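The values are calculated or read from the model by the stated rules, or taken from the named source; none is laboratory data. Since the structure is predicted, the reported quantities are computational estimates derived from the model, not experimental observations. Positions of Cβ are generated from backbone atoms using ideal geometry, with glycine treated the same way; all protein chains shown enter the neighbour counts.
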Amino acid sequence: MSRSRLLTDDPVVVASGARLLSEALEAQAVPVADTDFHPPMAAPGGGDTAGDLVRVLADPRRGAANAEAVRRVLGVRPQLVDVRPAGEALELRPGSFLHAGPPVDWEHASGPLRGALMGAMVFEGLADTPEDAEAALRRGGAELEPCHHRGAVGPMAGVVSPSMWVFELADADTGRRSWCSLNEGLGAVLRYGAYGPDVIERLRWMSRVLGPLLRDAVRAHGPVDIGAILAQMLQMGDEGHNRNRSGTLMLLRTLLPDLLAGGAPAGDVAAAADFIGGNDHFFLNLAMPAGKLMMDAARGIPGCTMVVAMARNGTEFGIQVSGCGDRWFTAPALTPEGLFLGSFGPEDANPDIGDSTITETCGIGGFAMAAAPAIVRFVGGDADFALRTTRSMYEITLAENPAFQLPILDFRGAPTGIDATRVVRTGILPQINTGMAGRVPGTGQVGAGLVTPPAECFTAALAALAAEAPTLPAAG
Amino acid sequence: MTTEPASATRVEVRKGAYRDSVALMRVTREVADVAGVDAALVAMATDLNLGILAEMGCAAPAGTGPDDLLIAVRAADGAALERALGAAESALAAMSRGGDGAAPADVPPRTLRTAARRAEAQGRPATLALVSVPGRYAAAEAFDALEAGLDVLVFSDNVPVEQEAALKRTAEELDLLVMGPDCGTAVVGGAGFGFANAVRPGPVGVVAASGTGAQQVMCLLDAAGLGVSHCLGVGGRDLSAAVGGASTRRALRLLDEDPATERIVLVSKPAAPRVAEEVRELAAGLATPVHTVLVGTGDSDISAAVAEVAAAAGAGGFRWPEWLPDSAPQRPPGALRGLFCGGTLAEEAAAVASRTLGPVRVGAGDGSGGGSAGGHLVTDFGDDAFTLDRPHPMIDPAARTERFAAELADPAAAAVLVDVVLGHGAHPDPAAGLVEALAHAGPQRPHVLVSLCGSAGDVQGRDDQAERLRRAGAEVYASNSAAARRAASLAAGAEPA
């Protein structure tokens, strides 16, 4: 009956708590490994996190629910199957816009989200100038909805309008879909809140030339295995959030023959190849919907404590947890720390924004930083920092993804599936690698760096999980 | 961003000097931080960066392209400009100087799961998790250990009973053992956990609530020459209706499977009837004989029960060790004052003494339960109420020693009964304070009886502790009930033995 080694092996002890007790064991030549115990996070407003924690940990559904969530997440095989206009793919009507993060209205929207919406209004021909667009948006002249509510994700402001083209991904086994816009490049771009004429012109070119070219190439090629590219890029110095160089090049390598063979004007194909190859982040918009497909697989399992979405709208950071349905747990977003372009400084940065945290949610990005040691230059750390970061993410995750291996950790699988209980219990917050948008609408990107979610998202989610869990057996 | 012309501006281009863009952002920041610098850009000359350069009010020479490194600085004066360029130079040089790349990125494990994983990776899988964090956090730590497949010893006290029940239900499903909560002592595989005596290895397995009752059982078994295979503490509430006895049942099964255990002693507090019945049924079905020792009841006598076990095991003909002084003080009958560190020892002493003396009150060391003026009183300095913000008296006996000195000066006291608990985790020389107080007491002091709970192998040196107490004039008994009977008879005025 017993798998216990308690009475059969020489004692080897792992200990959490008083050092004195460990010392007494060491004095008896018993090997002891101490944990670096931290009390659980305190809930703002004085909630009983320690009590919530035990109630959730004691939930008899939890073990099986989390195992099922892990099984589903790791079973997803994301493939790029089509490239289409968002209006058609997402049934987005004119005047409707998707945005990153949890729900937000114009009044509470941050500078970069406002800037992106203004630009998208002009792009859609709903306003002649950004100023007109702003006036219309202030009057409530647009419908706003989170990308996540439509099976989509959007980087930074994440604004998607009907005329923009989107990647369409499908899970090879279930056929479930996810979507993401095409990446515009760095600097003054719509997703960072810029809306100048160059920005609008680039978007028009992407819809007129790039989107159809990609559609034709993908349809000619057949499904592109995005999971396989992700697995390879983690072995090539990318982490899939702030570094997507090899992923971008592998995508280009895969599609180039069909791009060339499609019969489009050579100048257009050259421009597309140049645009894709010259934008190290082009693949981000494929890593993200792949993550979305993976994490949506784990949604809505009663008793499951896995985080299935982390997303920011530039004002608030929100998370969703499998066992709590589609409810968002939000708190004011933090501002990343990192490096700034040109003469921009911390005062220019907007709080954290974008759905790109779906990468960390699915175990890459900051969680796979060990795969991308070059990233540590953002914080002035050493390569060791990248290793330590990934190692500490194993403390808060439910699984290791055998498909996403990290060579420097002896090919250990990436830490996958954030467990809300473990975040609260250890006080270790998910590590996020991110870009930084300018606070003022129209600015664009000002830098890049590291950030974490606000702790309150997790204590609130835990309280909700506790409320869903059966009460502990009453003391008799 | 200003476009005012500056007094000192320089744009340098290095052809074909590729650097990582992220690393260059860091160099830019270092250069921008130099005093007197208005703006700086150290970056590859991509279109994006050339645009940023233009916003700085600068331009690159024609033909500058994305494979070229730009160093642009706008500073208040020439000196600041030179400092900035120097800083850029050294930062660029530093970029390619790494560490040895071999430093292990080991962060201490935050959780027991990770600690266990690492132990396994080192080829030495953990056999037990020890949890001694504050009680309100203990259950979460223990859940983690169970899910990592480990048996757990919860030393922490103040764990809510409903959390204990939930924890043990999970353990039962996983076929694992939770010792405790408030498991103060255990002996597993020859190692003593918490407060534990160095008892000889032997054929008797012990299952106990885990306090000083278990220590007394083990020390007496050791004194009887029997020795202990393992002592598994299950926590004082395990046999309550709320918890349901899961740990007791599991511990009994584990010991039954253990080839080194030939005989099991179950040290049991009064149990809920249904739970007691389940445990009895289980015990009856085991291949290993189980002796049950009841403590915490009116007629508890651990020594007698252990003597029966010893007899059943064929280890008869011994006497419990005692160390008696050459002379006793002349003291009229009066009050019995018991001052204890061990809760079970205190309860047993009160129960034994009350057979001679009638009602003996048991109080906590903070004075609750009555002062010491008049009447027979046993005080438990290890009670939760007393130890809430103080070290346990087994670790720091100062408060008990102080009270001992006061009792020696109390004319109403006829006999003062104290325990001295030895072993791992206990004070290195618990006799010292008592010996000193005895040295300062007058010749008319009360009788002093010591219940010495320790084994011959304990680090404090049981025989040395006993001898020093004896020479100071105390009567020392290895059997707690023997000490209590003697104290009661002295208080009642019976003839000194």
Seminar exercise, completed: Quick count over segment B:104-129, residues being under 20 Å from the mean Cα position of the chain (by Cα), crowded, with 16+ Cβ neighbours inside 10 Å and assigned to a loop (DSSP other than H, G, I, E, B), is 5
For this session: Would you confirm whether any residue within segment A:36-55 is in contact with a Ser or Thr (Cβ under 8 Å, 6 or more places away or on another chain), under 26 Å from B:V207 (Cα atoms) and surrounded by 15 or more Cβ atoms within 10 Å (Cβ to Cβ)?
Result: no
Exercise. Any idea which of A:S16, A:S96 is within 33 Å of the chain's Cα centre (by Cα), hydroxyl-bearing (S, T, Y) and more than 30 Å from B:E257 (Cβ to Cβ)?
Worked result: A:S96
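Checking the condition modelled with pLDDT of 95 or more, among the hydroxyl-bearing types (S, T, Y) and within 17 Å of the chain's Cα centre (by Cα), which residue from A:T426, A:T397, A:T421 passes?
Unique residue meeting the criteria: A:T397.
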Problem set entry | Whichever residue in segment A:147-167 is over 13 Å from the mean Cα position of the chain (by Cα) and among the β-branched types (V, I, T) and, among such residues, is nearest to A:M206 (Cα to Cα) | A:V166
For this session: Say whether the condition of being in contact with a Leu (Cβ under 8 Å, 6 or more places away or on another chain) and either within 12 Å of another protein chain (Cβ to nearest Cβ) or within 17 Å of B:T288 (Cβ to Cβ) (or both) is met by at least one residue in segment B:236-243.
Result: no
Seminar exercise, completed: A:L113 fails exactly one of (1) closer than 17 Å to A:N313 by Cβ; (2) of a type in the set (A, V, I, L, M, F, W, C); (3) assigned to a helix (DSSP H, G or I); (4) touching a helix residue (DSSP H, G or I) at 6+ places or on another chain (Cβ under 8 Å), namely (4)
Problem set entry | Matching option when the condition is closer than 15 Å to B:V13 by Cα, within 10 Å of chain A (Cβ to nearest Cβ) and surrounded by fewer than 24 Cβ atoms within 10 Å (Cβ to Cβ), among B:T64, B:T46 | B:T46
Exercise. For the subset of segment A:327-352 comprising residues that are more than 14 Å from chain B (Cβ to nearest Cβ) and among the charged types (D, E, K, R), which member is farthest from B:R29 (Cα to Cα)?
Worked result: A:R327
Exercise. When you look at A:D173, is it free of Cβ contacts under 8 Å to residues at least 60 places away in the same chain and of a type in the set (D, E), yes or no?
Worked result: no
For this session: Might you let me know whether segment B:206-220 holds any residue that is buried (at least 24 other Cβ atoms within 10 Å of the Cβ), without any contact (Cβ under 8 Å) to a residue 40 or more places away in the chain and either more than 10 Å from chain A (Cβ to nearest Cβ) or basic (K, R) (or both)?
Result: yes
Problem set entry | Residues within segment A:220-271 that are touching a residue at least 40 places away in the same chain (Cβ under 8 Å), touching a strand residue (DSSP E or B) at 6+ places or on another chain (Cβ under 6 Å) and either surrounded by fewer than 20 Cβ atoms within 10 Å (Cβ to Cβ) or not in a loop (DSSP other than H, G, I, E, B) (or both), tallied | 6
For this session: Working only within segment A:35-65, note down all residues that are in a helix (DSSP H, G or I) and either over 24 Å from A:V13 (Cα atoms) or among the β-branched types (V, I, T) (or both).
Result: A:T49, A:A50, A:G51, A:D52, A:L53, A:V54, A:R55, A:V56, A:R62, A:G63, A:A64, A:A65
Seminar exercise, completed: Within segment B:122-135, the count of residues that are in contact (Cβ under 8 Å) with a residue 24 or more places away in the chain and either at the interface with chain A (Cβ under 7 Å from one of its Cβ atoms) or of a type in the set (S, T, Y) (or both) comes to 7
Exercise. Filtering segment B:429-486 down to residues that are of a type in the set (V, I, T), touching a strand residue (DSSP E or B) at 6+ places or on another chain (Cβ under 9 Å) and not in a loop (DSSP other than H, G, I, E, B), which residue is nearest to B:V416 (Cα to Cα)?
Worked result: B:V448
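Conditions tested, residue by residue: (1) in contact (Cβ under 8 Å) with a residue 60 or more places away in the chain; (2) touching a Gly at 6+ places or on another chain (Cβ under 6 Å); (3) over 16 Å from A:N242 (Cα atoms).
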| residue | (1), (2), (3) |
| --- | --- |
| A:S392 | no, no, yes |
| A:E395 | no, no, yes |
| A:R412 | no, no, yes |
| A:I418 | yes, no, yes |
| A:T434 | yes, no, no |
For this session: Evaluate segment B:174-196: report whether one residue or more is over 20 Å from A:E23 (Cα atoms), charged (D, E, K, R), within 8 Å of chain A (Cβ to nearest Cβ) and outside any helix (DSSP H, G or I).
Result: yes
